[in-house]
Amino acid sequence: MSWISIECLAAADRHAALCELLEDAGALSITSLGAADRPVLEPAPGETPLWPQVRLTALFEGDYEPAALLALLGAAGVRELRCTSLADQDWARSGQDVQPRHFGNRLWVCPTGVAVPAPDALVVQLDPGLGFGTGAHPTTALCLRWLAQNPPIGGEVIDWGSGSGILAVAAARLGARRVLALDIDPQALTATADNAARNGVADCLRVMPADGLPAGLAVDLILANILAPVLVALAPRLLDALRPAGALLLSGLLESQLPEVLAGFGAALRFEAPSVDQGWVCVKGIKQ
């Protein structure tokens, strides 16, 4: 099956109106990106991230007649208006960068079905589905390197914001006795559960909504690869779920955000020196 892609560039204050126009015209999906690949890394919770200029791409079925819509968009003052016919592909996975990656010691992350890269490799087989986390982003890589050097053998672990489940599955493969994977996105929970089954760790890995954590539960290690403002907002809940002398691994933040995040946890944690990769930070704190 073929598809019609309509792309345009517009000022950010036109974003909502243009999305409504495209939806009314029958768009099956709409993607919003910053012009010139300028990302907004820290939208406030509940806000739609907007850039000074937004590049919108709408996808329609292949038999769609775009002439009327193109005229409306032109009249709306958009720029760089393009209409393209596309062949079918797996859109959910086309943007996922999954390839074999080594994170230290024996730990590898590989796409499902790819041959094991080394005879003694401890492999996490990954299909990210619609969840974040392939090991390509520095924040995920930093966490995986830390886990490879500090396997949670026999421990109880929470992966708070599991995404694809890559960290939760890695913790289980590295010997954790029990892993709880939390996320606010049902698609992430599905991806995590699928990857747990794919890696043979479903018996010790449980997925649940982020608000479903049992009261009074405390674990040895919490992995929290989330954006900086969310880490600060979650600080009381993260601390409540951590046993005395337990470790909290924070990632998902930039070097410039580290002081604010550390301050958000007050004196409750003793932080070690952070690890840095391309300006992103991973830092371990021990509960006092």
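Laboratory data are not the source of any read-out in this text; all were calculated from the coordinates shown. Since the structure is predicted, the reported quantities are computational estimates derived from the model, not experimental observations. Quick reminder, even Gly has a Cβ in these numbers, built from the backbone with ideal geometry, and neighbours come from all protein chains shown.
Report the net charge of residues surrounding residue 7, where surrounding means a beta-carbon distance below 13 angstrom and charges are Lys +1, Arg +1, Asp -1, Glu -1.
+2
Run through all the Cα pairs of the chain and give the fraction in each 5 Å bin from 0, expressed as whole percent.
1, 5, 11, 14, 15, 14, 12, 10, 8, 6, 3, 1, 0, 0
Based on alpha-carbon atoms only, what is the radius of gyration of the stretch 135-288 relative to the globular estimate 2.2 N^0.38 Å? Walk me through the numbers on the way to the answer.
Working: Rg = 14.1 Å, N = 154, 2.2 N^0.38 = 14.9 Å.
Scaled against compact globular proteins, the figure is 0.94.
Can you tell me the dipole magnitude for the stretch 97-287 around its Cα centre, using point charges on the Cβ only (Lys, Arg +1; Asp, Glu -1), in Debye to the nearest 20?
460
I'd like the FRET efficiency for residue 5 and residue 272, computed as 1/(1 + (r/R0)^6) with the beta carbon distance as r and R0 of 45 Å, rounded to 0.05.
Using R0 = 45 Å, I get an efficiency of 0.40.
Report the local net charge at residue 201: Lys and Arg +1, Asp and Glu -1, summed over other residues whose C-beta lies under 15 Å from its C-beta.
Here the charged neighbours net out to 0.
So what are the ³J(HN,Hα) numbers for the stretch 100-117, from phi and the Karplus equation (6.51, -1.76, 1.60; θ = phi - 60°), rounded to whole Hz, Gly and Pro as x?
x, 9, 9, 10, x, 6, 9, 7, 10, 10, 10, x, 4, x, 7, 4, 4, x
Quick check: residue separation of residue 256 and residue 240 times 0.36 nm, minus the Cα distance between them. What number comes out in nm?
Once the chain is fully extended between residue 256 and residue 240, it gains 3.1 nm.
Which net charge results when you count Lys and Arg as +1 and Asp and Glu as -1 among the other residues whose beta-carbon is under 12 Å from that of residue 285?
Neighbour charge sum, excluding residue 285 itself: +2.
Quick check on the chain: helices-only [θ] at 222 nm, where DSSP H runs of length 4 and up contribute -39,500 (n - 2.57) each and the sum goes over total residues. Nearest 500, please.
-7500 deg cm²/dmol
Ignoring the sites themselves, what is the longest stretch of the chain with no GluC sites (Glu not before Pro) in a DSSP loop and at most 15 other beta-carbon atoms within 10 Å?
In short, 48-271.
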